Amino acid sequence: MSRIGKRPVDLPSGVEAKISGQTVEVKGPKGTRSFTATDDVTLAVEDNVITINPRGNSKRARQQWGMSRTMVANLVTGVTAGFKKELEIQGVGYRAQMQGNTLKLSLGLSHEVNFDVPEGVTVTCPKQTEVIIEGSDEQLVGQVAANIREWRKPEPYKGKGIRYKGEFIFRKEGKKK
């Protein structure tokens, strides 16, 4: 039995959900999102609660049960509160700034890095060493954060690079004489 799948997804006030076939469409203050579940689960909306149940007792149905419930819960969270990732930039001369829909990064390379922000995500730079990525799609927000971090991952000797806020970087000791 899936412990995650058993729990129903509550719909807060101001959020509507429609099910047509295997597709769940959730509307909320931050937009509309949808998810298409596999044929291994059944979806139902009753009294502002979405329930997901497996069809049969096969291993695949049980796997899809918990995953489908999590995806639906992420839709509800995305249209109400949204998702947010924060990045910190550390290093001498490393900085970021927004120009229109482009994030300009100075990361010690011979050129500036221009990162085009995809639709559905908003990127802000409150300080030159902070980047905040927000959106209603958790996968897209995480992917954009990972793509930005990929330009300069934190290195273990001085800790320079782009890191997630609160991320611990294991530090190594340098050479000895």
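Could you please give the count of residues in region 120-147 that are assigned to a helix (DSSP H, G or I) and touching a residue at least 60 places away in the same chain (Cβ under 8 Å)? Here the count works out to 2.
Restricting the first member to region 156-169 and to residues that are at positive phi, and the second to residues that are assigned to a loop (DSSP other than H, G, I, E, B), the beta-carbon pairs closer than 7 Å and six or more apart or on different chains are G159/I169; G159/R171; G161/G91; G161/R152; G161/K153; G161/P154; G161/E155.
Taking R33, is it on the phi < 0 side of the Ramachandran plot, outside the structural domain of Q139 (by TED's automatic domain parsing) and in a helix (DSSP H, G or I)? Spelling it out, it is not the case that R33 is on the phi < 0 side of the Ramachandran plot, outside the structural domain of Q139 (by TED's automatic domain parsing) and in a helix (DSSP H, G or I). Remark: A37 falls outside the filter, which requires a residue to be more than 22 Å from the chain's Cα centre (by Cα) and either more than 18 Å from P8 (Cβ to Cβ) or not aromatic (F, W, Y) (or both).
Residues checked against (1) charged (D, E, K, R); (2) under 16 Å from the mean Cα position of the chain (by Cα); (3) assigned to a strand (DSSP E or B):
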residue: V26; (1), (2), (3): no, no, yes
residue: A44; (1), (2), (3): no, no, yes
residue: W65; (1), (2), (3): no, no, no
residue: T70; (1), (2), (3): no, yes, no
residue: T77; (1), (2), (3): no, yes, no
residue: E86; (1), (2), (3): yes, yes, yes
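All conditions but one from (1) under 30 Å from G161 (Cα atoms); (2) charged (D, E, K, R); (3) more than 16 Å from the chain's Cα centre (by Cα) apply to K59; the one that does not is (1). Among the residues of region 99-117, are any among the small types (G, A, S), in a loop (DSSP other than H, G, I, E, B) and surrounded by 16 or more Cβ atoms within 10 Å (Cβ to Cβ)? So far as region 99-117 goes, no, none of its residues is among the small types (G, A, S), in a loop (DSSP other than H, G, I, E, B) and surrounded by 16 or more Cβ atoms within 10 Å (Cβ to Cβ).
Selection over region 6-23 of residues that are at pLDDT 90 or above and either surrounded by 13 or more Cβ atoms within 10 Å (Cβ to Cβ) or within 14 Å of W65 (Cα to Cα) (or both) gives a count of 10.
For a quick check of your reading of the model, give me the residue pairs whose first member lies in region 60-75 and is in the same structural domain as V41 (by TED's automatic domain parsing), whose second is small (G, A, S), with beta-carbon atoms closer than 7 Å and at least 6 apart or on different chains. That search, which allows pairs on different chains as well, returns R62/S2; W65/S2; W65/G5; G66/S2; G66/G5; S68/A37; R69/G5.
Taken together, the residues in region 130-177 that are farther than 19 Å from E119 by Cα, surrounded by 19 or more Cβ atoms within 10 Å (Cβ to Cβ) and not basic (K, R) amount to 3.
Kindly evaluate R33 against the criterion of being at pLDDT 90 or above and loosely packed, with under 15 Cβ neighbours inside 10 Å. Steps first, answer last, please.
On the way: at pLDDT 90 or above: yes; loosely packed, with under 15 Cβ neighbours inside 10 Å: no.
No.
Within 25 Å of R33 (Cα to Cα), in contact (Cβ under 8 Å) with a residue 24 or more places away in the chain, aliphatic (A, V, I, L, M) and not assigned by TED's automatic domain parsing to the domain that holds T36: is that true of V117 in this structure? Talk me through it step by step, then tell me what you get.
Numbers: within 25 Å of R33 (Cα to Cα): yes; in contact (Cβ under 8 Å) with a residue 24 or more places away in the chain: yes; aliphatic (A, V, I, L, M): yes; not assigned by TED's automatic domain parsing to the domain that holds T36: yes.
Criteria met by V117.
For region 81-89, the criterion of being farther than 30 Å from T36 by Cα and of a type in the set (D, E, K, R) is met by at least one residue.
The values are calculated or read from the model by the stated rules, or taken from the named source; none is laboratory data. All figures in this text were calculated on a predicted structure; none of them were measured in a lab. Cβ sites come from the backbone with ideal geometry, for glycine too, and all protein chains shown count toward neighbours.
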